[in-house]
Structure formats: structure tokens, C-alpha cells
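These notes are about the structure you will find just below.
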Amino acid sequence: MPARSIRKLTLVLLALLVSLAGATAVFAADTDGEATLAGDPSADVNMAWTLTAAFLVFFMQAGFAFLGAGLIRVKHTVNYLKKSFMDFCMTGLSFWAFGFALMFGGSAIASGMGEGNALVGFSGFFLAGEAYDVTTSMFWLFEMVFAATAATIVAGMVAERMRITAYLAYSFVIGAIIYPIYGHWVWGGGWRAGLPFGSGAIDFAGSGVVHAIGAMIGLAGAKMVGARTGKFDETGRPRAIKGHNAGYVVFGTFILFFGWFGFNAGSTVAATELRISVIAVNTFLAGAAGAVAALYIGIARTGKADILAACNGSLAGLVGITAPCAFVAPWAAVVIGVLAVPIQQSASSFIERKLRIDDVVGAFGVHGAAGLWGLLAVGIFADGSYGGVSGMVAGEFGQIVAQLISMATVTAWGLGMGFAMFWVLKKTMGLRASRQEEIEGLDVAEHGIEAYPADEPAAPARARA
Amino acid sequence: MPARSIRKLTLVLLALLVSLAGATAVFAADTDGEATLAGDPSADVNMAWTLTAAFLVFFMQAGFAFLGAGLIRVKHTVNYLKKSFMDFCMTGLSFWAFGFALMFGGSAIASGMGEGNALVGFSGFFLAGEAYDVTTSMFWLFEMVFAATAATIVAGMVAERMRITAYLAYSFVIGAIIYPIYGHWVWGGGWRAGLPFGSGAIDFAGSGVVHAIGAMIGLAGAKMVGARTGKFDETGRPRAIKGHNAGYVVFGTFILFFGWFGFNAGSTVAATELRISVIAVNTFLAGAAGAVAALYIGIARTGKADILAACNGSLAGLVGITAPCAFVAPWAAVVIGVLAVPIQQSASSFIERKLRIDDVVGAFGVHGAAGLWGLLAVGIFADGSYGGVSGMVAGEFGQIVAQLISMATVTAWGLGMGFAMFWVLKKTMGLRASRQEEIEGLDVAEHGIEAYPADEPAAPARARA
Amino acid sequence: MPARSIRKLTLVLLALLVSLAGATAVFAADTDGEATLAGDPSADVNMAWTLTAAFLVFFMQAGFAFLGAGLIRVKHTVNYLKKSFMDFCMTGLSFWAFGFALMFGGSAIASGMGEGNALVGFSGFFLAGEAYDVTTSMFWLFEMVFAATAATIVAGMVAERMRITAYLAYSFVIGAIIYPIYGHWVWGGGWRAGLPFGSGAIDFAGSGVVHAIGAMIGLAGAKMVGARTGKFDETGRPRAIKGHNAGYVVFGTFILFFGWFGFNAGSTVAATELRISVIAVNTFLAGAAGAVAALYIGIARTGKADILAACNGSLAGLVGITAPCAFVAPWAAVVIGVLAVPIQQSASSFIERKLRIDDVVGAFGVHGAAGLWGLLAVGIFADGSYGGVSGMVAGEFGQIVAQLISMATVTAWGLGMGFAMFWVLKKTMGLRASRQEEIEGLDVAEHGIEAYPADEPAAPARARA
């Protein structure tokens, strides 16, 4: 029973809570922040900046909700929104209990995060004990919203046919294990950051750590759950299945773009790093250039100004600039954004036409392919103007080696863990809604309501008739 | 005549304006902020933080608009949105003219706020004279958006049948009198803050001051205006009346959650209080835990993953953590969020089934019951790690006494003033739309438009036919 | 061919990019910000503030998208959203390539912006060379989102009949030339700022520079493209053509209001200017007062509480306070907001009934007339409490002369350049969709999709039948 097993997990969690409650009070570090501020007079402005950025990244969840809801059919809308809403809750809780400790244990970025090795961390569970600290809490919030972003990417890829219980289990696992372990390797002091090429593997704000990981896991999920009924015809050719609200797609993209400023510029975790302005400029330019590139490609190909393509192009540009945003010049951001679009579009087409995987919202192209492109772009366009990271345009060829290793690792880890997890879920709780439920719509089947109920005539109105 | 009486009020306001204009120029305090910054070098970062938080809280108005619009029927949508839009305008203006002076007069929190006693304040009207000051203005903006939040909670409770003119009058009164006087007692240096138990009544960001007050007034309003036609059958059993857009409910919840970070973490009114990170973490965890708890309860009871319940559960968790957010550890935030849900659900059920009050959006459970729970939770979970506030988990039993007194006061004041005000409005301008208007929909009756007009065929199109 | 000519432009851009790439690396100024922070210890908080404000202004794009989408008919919704989404992308890129250099060259506000004269600037192209700097980047982002705001105002005025290709060309030109040259005169050290009256022409956050310019260009566009088929009857009387979603109008207004705090309070480009709190208060009060004024006017005239009028009234108040927000007292903000409404409504009526120009969303009244009112209001209400700007209430009569010159200039420049540009576009690529396309809807004609596609029955569902 999925519900039962999740409930058991909750009980374990609660038991842990109680036992950790004592530890929290006793071993807490700086809980009012006075010592921290005395030791670092810039701690206030850096905290204000980082928290504000975290709030913006949190708000991207609303963007994903809008975007995905617009791209799917009416009858599955509630189901999609439910997944989109619950995944950040589940992931946030599992990242609090386990994920953060696995990811940043051993990094020594803040109080209570001292224990860990090159493969995995193991301190800071439940933000208890010495991790009950103002700086550690700030890091946790900022990192948690990134984990939640990775998690929610999958919702659109498995939409319209995956059961909600399987999806919830997945959300817990990605936040507890899959996302943090990979993240540990790159951001938590793990082996990838120590690669002996260039500055080691560099992924400033998570083209790989967040976007590509989410997309790889989602690809595994979409493959394991199978295509939607009717997506491919008898000969295996894909059919276009239209979403239900083009406006939602645009609103969602606006919200994502807005939040992305926090995603990238907040990743300095410090306003004293004035480079944040260049990061924000690069973020904007790549997103705008991606939209314009997608527009032109669409007009050239079909004569139509495809709005969905422009939105996805914009997002591909944003994903592409996420890893290199701190290390490149504005002109390079434009080039990275423009090139992200054919990469995204080719990848989406390849997935659909060659692999015959049904990625409902096209997230693999946007987050997966453009995410890998972002990692590569660091090795090409980093100009040495910040943090000592230099790529080919600055005459250095070592960095791109580290980036290529990064690209291979993220692909292998994401796909490998994704397939393993969804295989287990398939064998235990089952992944897929029944054909009947799928045809009638998951909203009524799993949630008991429609997205847009018509006005019920109240009793007196009926009496009028 | 409602419109006429409101116009008279406006004239009085304008006359006051003119006479105060002179005073403003003459007695102004620090209007360019140079002296303030010279006296407190952290004034810039604290102001940036507080204003940013205020903007986020302002944006919660959009969340309430979405949420409520999703939960009501198509034919009343414009009416609800109008109320939701106008209430923050009316409340903001009345809080500027009167409310702020009543609430913070005597608190000496900033220039021009010196006069007041334990029951009510009386300086700072119209932000004129010595209240024309950069620090006072900062406080005003932050406090005003809280008043507006309390006001808008009522919109959903009296939706689909209260006349817009009555609602506008209510909005003015809550911002001018009801909200600020209670607020004065807790935050403005009034008698409640001075209770000789624990640290006095503690309500960090307003579980009681904002949420419970709004819900109590709304309960009085919902009772006085009566249930919607058709809500209860002949035997008094409630009927479910579905809203019209489940997506709006989710989008609204996302926006509210987003804004809540400003609501809680901004309530330090200072980024130099690094505790803001712990506050933000607690806010997130309680909201996420509430959603997950509601999900499990729903699945256990009905087998369906109810999206509306999850959204309300999340909001209940957020309301519950609002008072204790600064004083508890993350594990306690999870517990507070989880427990908020059965409290919210039981209260909503009690209101509907036992009291037979028609609370359209279920706001009493979310803001009222969970608000009281938040006050209580301070007395239980405050761990002494910040501001010297200690509850039962820290071995102190005095605080909970202050909190219980707080809970009783907020209930009595909110219900008492709510019934008094709505009784007066009922006798003077009338509360309720006619049965005919209600059945046809308030949109056409009161606003002359439908929420979703169909495309009108233009003349030539008609000619085509 | 529009598409072809735009593509050529892109090629030129890319060529420029490559040639400038070298320059960027060699002549870059402070790219990591260490020297800047060492020279100005407040640079971090000012940058955090300015960037956060810029993000909020960016988000106003979503507000414009919602607002306009709500006010137009279903069949043109995708087209409007596409324009609204692409215009900030196009304008942002052209402002990066050319506009910023024309606007701020010679202002010496930051590194690389040294060359320019009283009429136009000419340094800082592509943020290359010495303009590759953290402070310059911060300014660019903040100024770019303002340019994008000016651009998007036009979308609603020419909605439902202008071809997307013409609109994209316009977006490029406004960001590259029209907006920046006018902006140079006021904000970039040009001749208007040096007028020998009062403090010279004052427009704090852009009532004129942003809003009136956008509206004037839009008026020219609406005139040149002609009215929608069916808008005016045979005798020239306007017909009301309803939009399709009143909710979107309200949501859009909320988002715009939210972003406006960044627009106005961010325009100090410094949190160390504590006046930001007064600015935010004034912004709120004017917006709220505008909504309330519009509500009362509507109830007095028609007995209906018109929600669209209230939203537009709120926006008119916000536009009106944009120029004077930093220089007036709160009471004056209320007066400015109230008076903005009859000005806005009269102007909209005049445009429609006398000039018979079809301004679909009523943007001329909101942004044009209220924008001019904002410029005038500086000369009346500035009270000398900040920056030495004094108007009539402070007994100074010189300022209003500078403001009147400003009002004349912005009108002449906006209309003149607007007509010139749209005339050229009309003669070269054509402005207007065909009558057939207009009647069937631009969505299918230009974009190949509908805004709200119905669920397609999948194959097996069809088999069921």
C-alpha cells in the first residue's frame, strides 16, 4: 500500500523528531545571530540578499505550475497541479530530514556541517544540534528551493498518466537521496569539485546539478511509465496533443524568468560579491536571446510565430546560462542563449521521434539538453574575469575537460538512479494509472474533482425552472 | 444611502488633508534620511529588507484574489475580485488616516508616534507632522500591508451574497478602528504586551493580530449576512457548492506561500536580526508539513488526494507558525504545521455542521482556528533560543498563560466588534444582495459585467452570416 | 520580407558581437567588484536593493500580459501574449546593443559611460570594453526593465489587428532609438535636465520618460494601424467590445502594483537613500486612492461598481505618482492619485469619442494622460523635503515651468517619432493583419494555435464511440 508505507515513513520521521528535539536545544550554535554578525559585519546584507533570492526561487514553483498546467489537457489539470504543489512540500521535508546532510555534510560551509567524505556527507540531519544556526538555516533554505526545482521538473514529463502516490514517493526520494548525493560531488566538497582540470567541475547555479539531474530522472520516469494512450500511432509516429491554456504557458514562463534572477544572482550567497549584477544581466540576455532565436527559427520554418516555442526557447536560454552565468561576458550570454535553442529543439525531437519517449511538456530539451550545454559553455566562454575560471575564449583548455566529465557524470547518475528508482516504484506501488482513468482524466479518478466545475444551480434556482 | 455617506466621509478626509498639509511641512522629522543613517549605519540594510518584505506581503493580496476566485462560482467572480481588490485600498487609506495612529501611537517606535496609552494610541494621523519621517514611513508601509491582509480574509467568508457597498464600509472600519486597537494592545505598547506571564503576550508576526482577528470578524459577517441560498437543505445539512477553478486555488496558494516569507521573516523589521533565516526555514517547514498532513488525512479518509484540502492545509500550517516562527526550532515548526491541519479541519467542520455558518472558502479554519493554535504554540514550543521567549519545551509554564489570555481576548474582540459593526451596517445600509441578484449572480447585478464574456461577433462578422 | 530583414539585422548583430568580444576582455573595468566595494562600503546593499527592484520591475511584464489578455477577445489572446512576451526580449536586446549607449553615454554614471553630448550619448554599446563592469551592469539592468515597460505599453493599444512582424520591428526600434534618446535628455545628462527653471526637468521614476513616451508612441501606432473592424459604427460612434477575462485584469493589476514598488522606490538606485520608504508609501497611497476614486465616480455615474474602471484608476494613480513620488508628502500622493482618475478617464474618452482612435485597453488615459499629470504634479506638490525639489506648495514657481516644457517635449517626441516609425513600417512591412485574419482571430492566422484548445479525444477514446 503506497499510502500505508508513506505513513510508516512519517512515523519514523516523527520518532526521529522527538529524539532530536533534545539534541537541538543542547548543541545549538548561533541561534540569534549576534555572534555571527559580530564576526562578519556584512552578514546582514548577505543574509537579506540570499533569503530574498531564495524566496524568488521558491516562487518558480508557481511558474512550473502555470507552465505545465497550460501544456496539458483539461482532464488532467488538477492531477498535474497537485503533483506540482506537493512535490516541493515532499522534497523540502526530505531535504530537511536527510538531503541537506548528505549534500553539505563535510563541506564546512556553516555550523554543524562538518562530517562527510568525497562521496557523501553525513551531518546536519533535521537542522538539529549544531546545525540549528542562523547561517546554516540560510544555506538550507537556499539549497532546499533548488532541490525543489529539480524535483518539479519531472512533473511535466510524466504528466497525464503517472499515479499520484508513485509521484509522491519519487518526490521524497529525489530530495532525500538522488539530488543531494550528486550535489555533494559538485557543491558539497565532493570529488567532482576536486577534478584536476581547470578550476575543477564548475556549475555556478546548477545547469547540471539542478536542471539536467531533474531532466534525466524525468526521462527515466517518462520511459518507465510509458507514453500516453494515443501519443504514438500504430507506426510509432508521434501525434501532437495540445495543452489547454496558452496563456498559462506565458504566465508561467514570466514567473520562471522572474525567479531565475534569484536562482542565478542569488547563487553567490552574498551581496558583497558585486558580480551579482553581471550575473543578472547575463541571465536576462540569455533568456531574451533564446526567445528571439526560437521565434526566428519558427518563422523561418513554418511562417508562424509559435508562442510555445518562444517560451521554451527562453527557458532553454536560461537553463543554458545557469552554469556559466558568473564567468562569462554579456556578449557570450547572448551567444549561449541563442545556441541553447537548436540544442533544446533537436533534443526534444530526438527524444520524441527516435526514442519514442513521451515528454509531455518538452522538459528534456529545456532542462536536460540545455543543461548539458550550460556545463559545456563554461569550458568555452568563461573569460577569467571572475573567480579565476577560464575557458577556451581565455585561451585555457583544461576547464572544458572538467566540464565534459561533469556532463557524463550527471547523465549517468541521473539516468541510472532514475531508472533504478522508478523500477522499484513500478514493482512495489505501481507507476501508471489505469487506461480507463487515463481516458476519463486523472482529475476525477484520483482527486474527485474537475479543474473547472460549472456553476451548480442551487436549489431555488432549480425550483425556478 | 451608502454611496452618499461614503462620499461625505471622503469630504471630511479631504478637509483634514488640507488642514494637515501645513502641519506636515512644518513639523516634519527626518524626510531625507541622512540624519537617520548617520545615527544608525545599519538603517539602509534594515530598510531595504523591511520594504522588500512589505512588497511581498502586499503581493499576498493577489494570492487571496486567486484563491478566493477559484473557490467561488463563476457568476460571483467579478464581485469577489472587486471586494478583494478594493479592500486593501480602503483599508490602506483608513489605516493611513486613522489606524496607524490608533495602533502605534504611544509605542515610540519612530518619530511622531509618541502619544498613546495602554488602550489606544493617538498620534501619527495621516503620517503628518513629525510622522513625516523615513523610519515612520517604513513602519507604516509594513504595518499597513498586515492590516490589509486581515481585512481581505473576510472577503471569502461573506462571498457570493454580501453587497459591495456594505463590504467597502466594513473595509474602512476594520482598517481605521477594529484592527488597530487590538493591534495596539499586542504590538503597539498596549496592555497585552505587558501581561505578567512569561514575556507577556507574544504574537511574532500575527497569528492572532492579523489572521485570527480577520477570521473572527469574518465569522460574525458570515453569520449576520446569512448562508447562501441553497447552502443548507431543509434539515439544515450543508451542501457542497463547488468553486469554478481549481487552478486558481493552487496559484493563489503559491502566491500566499511566497508572500508569507515576507510576512514572517520581515517581522523583525531588521536584517541585522539574523534570526530571519530560522524564521524563513520554520515558515517553509510548517507550510510544507501542513500540506503533506492534509494530503495523508485526505487519502486515509476518502482515498482521494484532495487538492483543495492540501492547499488549505498548507495555509493552516503557515498561519499556525506565524506567531511562533521566531521562537521555535525547525522540528517544532514541522509539528506545529502538522497539528494545524486537524485543528483547521475540525473547526471548519464545526462552523459548517454545528453552527451552520456558511464560510465559503473555509477561512475560519485556516485563519481563525489555526491562528489561535499559533498563539498557543508559542507557549508550548518556544525554546528560549531567541528573544528570551520560553515555552513548555524549555520548562517554562508562564508563557502559555499569557498566550491563553491572548486567545480569549482576540476571540472576544474580533467576534464582539465584528457583530457590532455588521449589525450597524445591516441596520443602515443593508448587508445582503437580493435573492434575485444572488441567483442571477452578483457580477451582472452589482458590476454590470460577466467574468468571462464570450467574444462578441463584430458587425462584419454578423454580416458574414 | 519582414522575417528576412530582421534576420539580416541579427547577422549584423552577431558580427558586431564577435568583433566586440575581444574589446570586452581587454578593456574591462571592475568585473569582480572588489575594487568597487573597497571604494564604497555601501555598494553591496545598494546593489542588492537596485537588483531586487529591477527584478520586481521585470515582473511587471507579467502584469501587463495578464491585464491586456483580460481586456481582449479570446481569438486574439495568443497574439497579444506573444507581443507582450517578445517585446521585452526585443527591447532588452536592442537596449543592450544600442539603447543604453545612446541614453547614458556621457552621463558618467558608471565605468564606460563617458562619451556623449546634450542630445545623445555614444558609449557603452553592448556593455563591452570599459562598460563590462559591475556598477555599469547594475545600471543597465535597472534601466533596461524600464525601457521594456515603455515598450510593452504599446501592445495593448494596437492589439487585435497589428501584425506580429511589424510589432517586433517596433519593439526593436523603441529600445534602440526612440526611448533612449528621450531618456538621455532627462536622465542621461541631456539638455532637459539642465533647464534653468527650478531643479531642471524632474521625472523621478518615469511618468514621462517611461509611461507617457510609451503611450504617445502607442497612440501613433493605434492611429496608423486604424481601428478594429466593428469598433466604430457608421456614424463614427464607438462600440464597446468586451474583453474575455475580468479575473486576468485584476490579477494583472495586482502584479503591476507589486512591481511598481520596485519601479519607484528602486529609482534611487541606492538603499542608502532612506527616502525609499516615503517613496513606497506615496506609491501605495496614490494607487489605492486612484482605485477608490474610480470606484466612487463609477457608482455615482452608473450605480455599478465597475471593476475595470477601478483597476485602471489604480494604475492611473500609480502612473501619476511616478514622477513626483520622491518629492511629495503622503497627503499629496493621495491628492495626486485621486486627480489622476478624472484626467485618465477624460483623456480615454476624448481619444475614443473625438479622435476616434481605438485604444483597446485604454492605455492612453492611464499611461499618457496620467503620465503628463505626474510631470505637472512635481511642479505643484514637491515640498522641498528631498533633493531640493520644490513646487508651488513650497512657494516655488520655477519648477512648474520646467515641468510644462517637459510635458510638451515628451508629447512632441513620442508622437513625432511614433508616427514616423509606424509610417515607415507601414510602407515597408505593412502594419495590419487582413480583414479575414482579424475576423477569424489572429491566433490561428499568425500563430497556428488557439488560446484554449479543447481536449482532443485520443485514439482509443474515439474507438470507444
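The values are calculated or read from the model by the stated rules, or taken from the named source; none is laboratory data. All figures in this text were calculated on a predicted structure; none of them were measured in a lab. We place every Cβ from the backbone using ideal geometry, glycine too, and count neighbours over all the protein chains shown. Ligands, DNA and RNA are excluded from the accessible area calculation, which covers all protein heavy atoms including side chains. Shrake-Rupley method; radii C 1.70, N 1.55, O 1.52, S 1.80 Å.
Based on DSSP H segments of at least four residues, each scored -39500 (n - 2.57), the protein assembly as shown has a per-residue ellipticity at 222 nm of -20000 deg cm²/dmol. Close amide-amide hydrogen proximity is noted between C:Gly116 and C:Gly106, C:Phe122, each under 5 Å apart and 5 or more residues distant or on a separate chain (H modeled in the peptide plane; Pro and chain starts excluded).
Once the C-beta distance of C:Ala35 and C:Val424 is scaled by a Förster radius of 45 Å, the resulting FRET efficiency is 0.50 to the nearest 0.05.
For region A:104-142, a decrease in accessible area of 40 Å² or greater in the assembled protein chains relative to the isolated chain, with a 1.4 Å probe, applies to A:Tyr132, A:Ser137, A:Leu141. With all protein chains kept in place, the per residue accessible area of region B:143-266 amounts to 18 square angstrom at a probe of 1.4 angstrom.
Kindly identify residues of region A:33-56 having a loss of at least 20 Å² in accessible area between the isolated chain and the assembly of all protein chains, probe radius 1.4 Å. When all protein chains are present, A:Leu37, A:Asp44, A:Val45, A:Met47, A:Ala48, A:Trp49, A:Leu51, A:Thr52, A:Phe55, A:Leu56 each give up 20 Å² or more of accessible surface.
Expressed as a whole percentage, what fraction of the accessible surface of chain B belongs to carbon and sulfur atoms when a 1.4 Å probe is rolled over the protein heavy atoms?
Details: 8250 of 13070 Å².
C and S atoms contribute 63 percent here.
Straight Cα distances below 14 angstrom link A:Lys75 to the aspartates and glutamates A:Glu160, A:Glu437, A:Glu438, A:Glu440, A:Asp443, A:Glu446, A:Glu450, C:Asp455, C:Glu456, with same-chain residues fewer than 8 positions distant left out. Interface of B with C. Using a 1.4 Å probe and counting protein heavy atoms only, the two chains hide about 5800 Å² of accessible surface, both sides summed. With a cut-off of 15 Å between beta carbons, the residues surrounding B:Gly188 carry a summed charge of -2, where Lys and Arg count +1 and Asp and Glu -1. Binning the alpha carbon pair distances of region C:337-437 at 5 angstrom intervals from zero yields the distribution 2, 11, 14, 17, 17, 13, 9, 7, 4, 3, 1, 1, expressed in whole percent. For region A:324-336, backbone phi angles converted through the Karplus equation (6.51, -1.76, 1.60; θ = phi - 60°) give residue-by-residue couplings of x, 3, 8, 10, 10, 8, x, 4, 5, 4, 5, 5, 4 Hz, Gly and Pro being listed as x. Spatial offset of region C:359-394 relative to region C:168-208 amounts to 15 Å, using the alpha carbon center of each.
Once the C-beta distance of A:Ala240 and C:Leu355 is scaled by a Förster radius of 41 Å, the resulting FRET efficiency is 0.35 to the nearest 0.05.
Within a straight-line Cα-Cα reach of under 24 Å, A:Lys82 can be paired with the following lysines, leaving aside sequence neighbours fewer than 8 residues apart in one chain: A:Lys8, A:Lys223, A:Lys231, A:Lys242, A:Lys426, A:Lys427, B:Lys242, B:Lys304. For the rotational copy relationship between C and A, the axis lies nearest to a chain C beta carbon, identified with its distance in whole angstrom as C:Val45, 3.
Taking a probe of 1.4 Å, how large is the accessible area per residue of region A:386-445, in Å²? Walk me through the numbers before you get to the answer.
Numbers: 2760 Å² over 60 residues.
So region A:386-445 comes to 46 Å² accessible per residue, rounded to a whole number.
With a cut-off of 13 Å on the backbone N, the residues of region C:413-442 near the modelled label site 7 Å out from C:Thr229 along Cα-Cβ are C:433-442.
Does chain C come out rounded, prolate or oblate, given a ≥ b ≥ c as the square roots of the eigenvalues of its C-alpha gyration tensor, rounded meaning a/c under 1.5 and, failing that, prolate meaning a/b above b/c? Verdict is oblate for chain C. Classify the protein assembly as shown from the C-alpha gyration tensor, please: rounded if a/c falls under 1.5, else prolate or oblate depending on whether a/b exceeds b/c. Cα axes put the protein assembly as shown in the rounded bin. Using equal-weight Cα scatterers in the Debye expression, the normalised intensity of region A:219-328 in log10 at q = 0.12 Å⁻¹ is -0.58.
Summing Lys, Arg as +1 and Asp, Glu as -1, what charge do residues with Cβ under 15 Å from the Cβ of C:Trp96 carry, C:Trp96 excluded? Please list the in-between numbers first.
On the way: positive: none; negative: C:Asp87, C:Asp133, C:Glu143.
In short, -3.
With the convex hull of the Cα atoms taken as the outline of region B:132-183, the averaged projected area works out to 4.1 nm². Seen from B:Gly121, the other residues with C-beta closer than 13 Å to its C-beta sum to a net charge of -2, counting Lys and Arg as +1 and Asp and Glu as -1.
Phi angles across region B:277-287 convert, under the Karplus curve 6.51 cos²θ - 1.76 cosθ + 1.60 with θ = phi - 60°, into 3J(HN,Hα) values of 5, 5, 4, 5, 4, 4, 4, 4, 4, 5, x Hz, Gly and Pro given as x. Distances between copies at A:Ala408, taken between label points 7 Å from Cα along the C-beta direction, are 7.3, 7.3 nm in increasing order. Projecting 7 Å from Cα along the Cα-to-Cβ direction, the label point of A:Thr229 sits 4.2, 4.2 nm from its equivalents in the other copies, listed shortest first. When you restrict to C-alpha pairs under 8 Å that are six or more residues apart and normalise by the size of region A:235-381, the relative contact order lands at 25 percent.
Label-point distances for A:Phe350 to the equivalent site in the other copies, using a point 7 angstrom along Cα→C-beta, read 6.1, 6.1 nm when ranked shortest first.
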